[in-house]
């Protein structure tokens, strides 16, 4: 059958930082037997590489070149950069804040576009990020916009960091998160907005299981069926 007539299905999950996108994307992908794309990890990996190499953060083209040269492999819970597992390092707030700043760079977003689209493999892909439904996979049959109260998100992030042995302060996280939200919403390129036709899901009062069920129910409601 012509692949162009039956494109590999994609579920996009966009939303602000710490809204639970990554966890929900992985759980939905697991339920469907699909691949998963954590697009934020690519920006965080770029930010980490920029820090480690001493690249001029203000030089947009140099940052984009750093992204093009990334030697990255995703292996289960491991994220290997040049053969070293950096899954823990890219979760530091300093890396996340830098990733949020450089994510506004047009050359960087263009450099990562093809790499992100390459994750679209059979039988399907669940992609989470900020512009998965608006820019990277605009033809996705299901687009989710996952939101949550900013304080609830800050508390989640604080708990996650402490569980990983990373020092965290709720007040500082809340301030950083509000600033990051503002940057993401107001940047000129690919701002954080709900894609046309996206289903908005507020996870503030939902458990992980409940949120996953909401997404899978939306998918089943499209007539594609549930888990494989």
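General observations
- Least to most buried among 81, 132, 177 (fewest other Cβ within 10 Å first): 81, 177, 132
- Note on residue 51 and residue 204: their simple-model spin labels are 3.1 nm apart, each label 7 Å out from Cα toward Cβ.
- The equivalent ellipsoid of the range 1-96 has semi-axes of 27, 17, 14 Å, largest first, where each one is the square root of 5 times an eigenvalue of the Cα gyration tensor.
- When DSSP beta bridges are restricted to pairs lying wholly in the range 2-161, around 30% turn out antiparallel.
- Spin-label model, residue 6 to residue 121: label points 7 Å out along the Cα-to-beta-carbon direction sit 2.0 nm apart.
- Full-stretch length increase - residue 82, residue 170 - with 0.36 nm per residue and alpha-carbon distance subtracted: 28.4 nm
- By the beta-carbon count within 10 Å of each Cβ, the least crowded to most crowded order of 101, 21, fewest first, is 101, 21.
- Cβ-based exposure ranking for 100, 204, in which fewest neighbours within 10 Å come first: 204, 100
- The separation of the range 91-159 from the range 9-36, counted between C-alpha centres, amounts to 10 Å.
- If the segment from residue 23 to residue 113 were pulled out straight at 0.36 nm per residue, it would be longer than the present Cα-Cα gap by 30.2 nm.
- In this calculation the C-beta distance from residue 196 to residue 224 is compared with R0 = 22 Å, giving a FRET efficiency of 0.65.
- Listed peptides 74-80, 189-195 appear in the order 189-195, 74-80 once ranked by packing, highest mean of other Cβ atoms within 10 Å at the front.
- The Cα atoms of the range 10-208 cover 40, 40, 34 Å along the three principal axes, with the biggest extent listed first.
- Gyration tensor (alpha-carbon) shape descriptor, the range 65-141, a/c threshold 1.5: oblate
- Estimated D of the range 92-228 in µm² per second, where Rh is the Kirkwood radius over Cα pairs and Stokes-Einstein applies at 20 °C, 1.002 mPa s: 128
- Sorting the segments 215-223, 149-157 by their mean number of nearby beta carbons within 10 angstrom, highest to lowest, gives 149-157, 215-223.
- Note on the range 96-142: Rg/Rh from C-alpha atoms, Kirkwood Rh, equals 0.99.
Values quoted throughout were computed directly from the atomic coordinates according to the rules given, and no laboratory measurement underlies them. As the structure is a prediction and not an experimental result, all values here were calculated from the model. Note that we place each Cβ from the backbone using ideal geometry, even for glycine, and neighbour counts take in every protein chain shown.
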